[in-house]
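Right, one structure below, let's go through it.
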Amino acid sequence: MTWLGRSAVFLDRDGVLNRAIVQHGKPYPPATLAELQILPDAPNALEALRTGGFLLIGITNQPDVARGTQRREVVEAINATLLAALPLREILVCYHDDRDCCTCRKPLPGLLVQAATRYAIELSSSFMIGDRWRDVEAGRRAGCTTILIDAGYAEREPVSPLDYTAYSLTEAAAWILKRVQTKEGGKG
């Protein structure tokens, strides 16, 4: 199957695909494979998007590797489990911290641009779903339509305009599919 010229849905990992570990109102990734819990609505929501013709790509910051508080092997094991359970094409990871000044760490759009180049994705017809301001900003900078899954974290809100706020991945997927259906219906 070729993805040339296809639209994609980019998905943050922790808090969107799997349950974030929330401590004092702030989300953290699972520290071990045993802590990984795929969100109950993720399989069906992603299957609906895949059936709708979207390439599905995970986009995640994992700075704890650079900080020395997480091992890369654990991140890779979590990603492998997600890839085996969900219809994702790939999960792209930034292992850097802010001080590394890389272009792949969200809110910069480097991972989205990398995926667009690799899979010939049209970013302007693609979507970024995330649960934090960095996700929304990366999507905006890449030219994607942005969706925030509002998990009620006690942290900074997105400052850039976002296109939609949802309260679950199911709601976000339904909004995307309805939006695409409405656009296609308007063309013909």
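Odds and ends about this structure:
- Meets criteria (touching a Lys or Arg at 6+ places or on another chain (Cβ under 6 Å), buried (at least 18 other Cβ atoms within 10 Å of the Cβ) and in contact (Cβ under 8 Å) with a residue 24 or more places away in the chain) for ILE57: yes
- The strands (runs of 3 or more DSSP E) found wholly in the stretch 93-188 and carrying at least 3 residues that are within 26 Å of ALA80 (Cα to Cα) occupy 127-130, 145-149.
- The set of residues in the stretch 8-29 being more than 14 Å from the chain's Cα centre (by Cα) and either within 26 Å of CYS144 (Cβ to Cβ) or surrounded by fewer than 15 Cβ atoms within 10 Å (Cβ to Cβ) (or both) consists of VAL22, GLN23, HIS24, GLY25, LYS26, PRO27, TYR28.
- Restricting attention to the stretch 1-11, the residues that are out of contact with any Ser or Thr (no Cβ under 6 Å at 6 or more places or on another chain) and either closer than 20 Å to ALA173 by Cβ or modelled with pLDDT of 95 or more (or both) total 5.
- Residues that are hydrophobic (A, V, I, L, M, F, W, C) and buried (at least 20 other Cβ atoms within 10 Å of the Cβ) were ranked within the stretch 95-122; the one that is modelled with the lowest pLDDT is CYS104.
The values are calculated or read from the model by the stated rules, or taken from the named source; none is laboratory data. Just so it is clear, the model here is predicted, and its values are computed rather than measured. Methodologically, a virtual Cβ is constructed for each residue, glycine included, from the backbone with ideal geometry; neighbour enumeration extends over all protein chains shown.
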